[in-house]
Amino acid sequence: MKVSDLLNNGFLEITLPDGDREIDGVYIGDLLSWVMGRASQDNAWITIMSNINVIAVATLADTACVILAEDVDLPEDVKAQAEIKDINVLKSPLPIYETAVRLHELLS
Amino acid sequence: MSEPLVFHYEVDGSDFTSAGTASVAVKKSLRQLGLPSEVIRKLSIAMYEGEINMVIHANGGTADVIVTEDHVDIVLKDNGPGIPDVEKAMQEGYSTATAEIHSLGFGAGMGLPNMKRYSDEMSIETELGVGTTIRMRINMA
Ligand SMILES: Nc1ncnc2c1ncn2[C@@H]1O[C@H](COP(=O)(O)OP(=O)(O)OP(=O)(O)O)[C@@H](O)[C@H]1O
Ligand SMILES: [Mg+2]
């Protein structure tokens, strides 16, 4: 499933510079070194962290997209960085668990 | 690529918001060089952890990346406080990070273990009050 396919399914766009990217699996976490160590390339990464370091981690871990759960917003300067670095960021109004369950339904 | 390619970066220790700049820049340069994506991913994650550590724990330093035909070396050098007990610091979950650092998403105590995990060779030279030099090698194949 492509990142852009999530948009009609309860996920909202924050930035979508690379919407055609395919999602392969999901990783959930807020501690950045855990994400770096455990997330796989092309994962959708669900988190409630929204500071600038999230963009660096998404770039280096090469995740397909960042999904901010719990209706968390991205500060404007971080959003600008996401655009520059080609990082897809979506948002979900649901809590983390429900967000993950929804993703699971869509991905399987 | 017969001559080794060298990238040199100064890592600013005062600015959390720009932390990771060197690693992201290296990733981009190595992509342009056409290195295998798995090699690039491993080395840029390992370098990022080291870069962040220099910012958080050592007030900045320098990063050098040396690319040869069969491996990439990363040398991270700082003049920070040094690491009192390297064996302990290498354990998953060990961290001296403050609450402020935690609120940024760092301080899980997974950085050094990640560096070990993503590099093929790693060595730490450290002296209290003098600084720390970490060398990592990632093989191409
Ligand atoms: N360059 C350094 N200079 C001085 N101390 C360091 C340095 N790098 C690491 N340390 C020490 O080693 C500990 C463990 O480092 P590690 O990177 O594994 O975890 P962390 O940085 O605390 O958290 P995380 O990397 O998960 O965000 C640190 O908390 C710190 O005490
Ligand atoms: Mg660390």
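Interface size between chain B and chain A, please: total buried accessible area, 1.4 Å probe, rounded to the nearest 100 Å².
In total, this chain pair buries about 1900 Å².
Could you state the number of Å between the C-alpha centres of region B:8-25 and region A:81-108?
About 28 Å separates the Cα centre of region A:81-108 from the one of region B:8-25.
Where the accessible area of the protein assembly as shown is counted over protein heavy atoms with a 1.4 Å probe, how much of it, in %, is carbon and sulfur?
49 percent
Return the lysines within reach of A:Lys79: Cα separation strictly under 30 angstrom, same-chain partners fewer than 8 residues apart disregarded; answer none if there are no such residues.
Answer for A:Lys79, where 30 Å is the Cα cut-off: A:Lys2, A:Lys91, B:Lys27, B:Lys28, B:Lys42, listed by chain and number.
Quick one: putting +1 on the C-beta of Lys and Arg, -1 on the C-beta of Asp and Glu, what dipole do you get for chain A around its Cα centre, in Debye to the nearest 20?
On the way: 7 positive and 18 negative charges, 39 e Å.
Charge dipole of chain A: 180 debye, to the nearest 20.
Show me, for region A:10-27, the HN-Hα J-couplings you get by feeding each phi into the Karplus relation (A = 6.51, B = -1.76, C = 1.60, θ = phi - 60°), rounded to Hz, glycine and proline as x.
In residue order, the calculated couplings are x, 9, 10, 7, 10, 9, 9, x, 9, x, 7, 5, 7, 8, 10, x, 9, 10 Hz.
Looking at the square roots a ≥ b ≥ c of the eigenvalues of the Cα gyration tensor of chain A, which shape do they give, rounded for a/c under 1.5, prolate if a/b is larger than b/c, or oblate?
Judged from the Cα gyration tensor, chain A comes out rounded (a/c under 1.5).
When the helices in chain A are scored as -39500 (n - 2.57) per DSSP H run of 4 or longer and the sum is shared across all residues, what 222 nm value do you end up with, to the nearest 500 deg cm²/dmol?
-10000 deg cm²/dmol, from helical runs alone.
For a quick check, take a GNM of chain B with Cα springs below 10 Å and name the residue from B:Met115, B:Met47, B:Met90 with the largest mean-square fluctuation.
Judging by the Gaussian network model, the answer is B:Met90.
Averaging sequence separations of C-alpha pairs under 8 Å and six or more residues apart, then dividing by the length of chain B, give the relative contact order as a whole percent.
27 percent
Could you work out the mean count of beta carbons from other protein chains within 10 Å of each residue's beta carbon in B:105-112?
Values: counts 15, 4, 3, 9, 3, 8, 4, 1.
So the per-residue partner count for this stretch is 6.
So how exposed is A:Ser50, as accessible area in Å² (1.4 Å probe, rounded to 10)?
Answer for A:Ser50: close to 30 Å² accessible.
Kindly provide the pair-distance distribution of the protein assembly as shown built from C-alpha pairs, with 5 Å bins from 0 and whole-percent values in order of increasing distance.
Pair shares across the bins are 1, 6, 14, 18, 19, 15, 12, 8, 5, 2, 0, 0.
At 222 nm, what helix-only mean residue ellipticity would chain B give, in deg cm²/dmol to the nearest 500, using -39500 (n - 2.57) for each DSSP H run of four or more?
Taking each H run of at least 4 residues, the total per residue is -11000 deg cm²/dmol.
Could you grab the Rg to Rh ratio for region B:5-139? Cα atoms only, Kirkwood for Rh.
Working: Rg = 14.0 Å, Rh = 14.8 Å.
Using Cα coordinates only, the ratio equals 0.95.
The values are calculated or read from the model by the stated rules, or taken from the named source; none is laboratory data. As the structure is a computational prediction, the values presented were derived from the model and not from experiment. Glycine also receives a Cβ, built like all others from the backbone with ideal geometry; neighbour counts cover every protein chain displayed. Accessible surface areas use protein heavy atoms only, side chains included; no ligands, DNA or RNA. Shrake-Rupley method; radii C 1.70, N 1.55, O 1.52, S 1.80 Å.
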